[in-house]
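Below is one structure, written out as structure tokens, with a few remarks after it.
The values are calculated or read from the model by the stated rules, or taken from the named source; none is laboratory data. Please read all numbers here as calculations on a predicted model, not as lab measurements. Glycine also receives a Cβ, built like all others from the backbone with ideal geometry; neighbour counts cover every protein chain displayed. Just so you know, the surface numbers come from the protein's heavy atoms only, side chains and all, with ligands and any DNA or RNA stripped out. Shrake-Rupley method; radii C 1.70, N 1.55, O 1.52, S 1.80 Å.
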Amino acid sequence: MSNIIETAINDAVKMVREAGELLLQNVDDKKVITKNGTANFVTEIDLKVQEILFGKLVNLLPDSNIIAEETADNKFTLEKYTWILDPVDGTTNLMYGYKCSAIALGLVVDGVPYAGIVYNPFLNEMYTAQKGKGAFINDKRIGVTSNGSLSNSLVAFGTSPYDREKADETFRITKNVFGKCRDIRRSGSAALDICNVAVGRTDGYFEMELQPWDYAGASIILNEAGGRITDWQGKDLTYISKSSAIATNGLIHKELIEAMK
């Protein structure tokens, strides 16, 4: 069975890379559809990427479940092999040609996060990881920073833009963290923010609310790169429900949680 899973993951990487070509289309080709909520958009690219990958992923592993952002009737259970897909993480960036968007895919096996794939076609960066086998960018092994102090850390954050009622608390916390760290960044893509911690470009990241497809693939990559991701109370993420999130190199995790109180 392990050979079947290994083959499925390798095939999924190829599928994600091929689907990433759709994100490189001209901005004028990305017809925008507004979903429910503030700043909650989907483009025709999101829908097309999901349609392509959904149709292929369902055949890679027998009797598998797929949780995907643009699916209305997701089955939030990890009883089967479960793919967790965000066809475009950073849709608003894609709409503006900001070139900071990714396809993010996670695989849960026997209820345990097992593999992650995050692809940013604009930089041609393919992040991959499998449980117990390390994390890679374009097949080169990656790891988190060795920085053990928040005062020397570069920290990214997200604004949970779909729920503007969280803005006051988000920016209060961000101001507090900003006063205690080296500097702050915001990219607009949670998956890439988490991967940036994994590859050592930042030391930490936090956001008040993420959906499973926002964090599933990237979190496995971070864990295999030696980092840590939890909710704001320090508990493990569930992979089937929305959650707050803190992702770090592991060394500043406790200090960052304290700075956010």
Worksheet item: With every protein chain present, what is the per residue accessible area of region 64-123 (1.4 Å probe, Å²)?
Response: 37 Å²
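Give me the compactness ratio for the chain, meaning the Cα radius of gyration over 2.2 N^0.38 Å.
It is 0.94.
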Worksheet item: Rounded to the nearest 0.05, what FRET efficiency is calculated for GLU21 and ASP236 with R0 set to 30 Å and r the Cβ-Cβ distance?
Response: 0.30
Practice prompt. Keeping all protein chains in place, calculate the accessible area per residue for region 188-261 (probe 1.4 angstrom), answer in Å².
Written response: 32 Å²
Worksheet item: Pulled fully out, how much extra length does the chain show between GLU79 and LYS261, if you take 0.36 nm times their separation in residues and subtract their Cα-Cα distance?
Response: 62.0 nm
Item to complete: Can you spot the aspartates and glutamates whose alpha carbon is less than 18 Å from LYS99's alpha carbon? Ignore those fewer than 8 places along the same chain.
Response: GLU18, GLU21, ASP28, ASP29, GLU44, ASP46, ASP86, ASP89, GLU125, ASP193, ASP214
Worksheet item: What are the lysines whose alpha-carbon lies under 20 Å from the alpha-carbon of LYS175, with same-chain residues fewer than 8 places away excluded?
Response: LYS166, LYS254, LYS261
Worksheet item: So what is the relative contact order for the chain, in percent, with contacts set as C-alpha pairs under 8 Å and at least six apart?
Response: 17 percent
Discussion item. Suppose we take every Cα in region 128-182 and form the convex hull; what volume per residue is that in Å³?
Written reply: 135 Å³
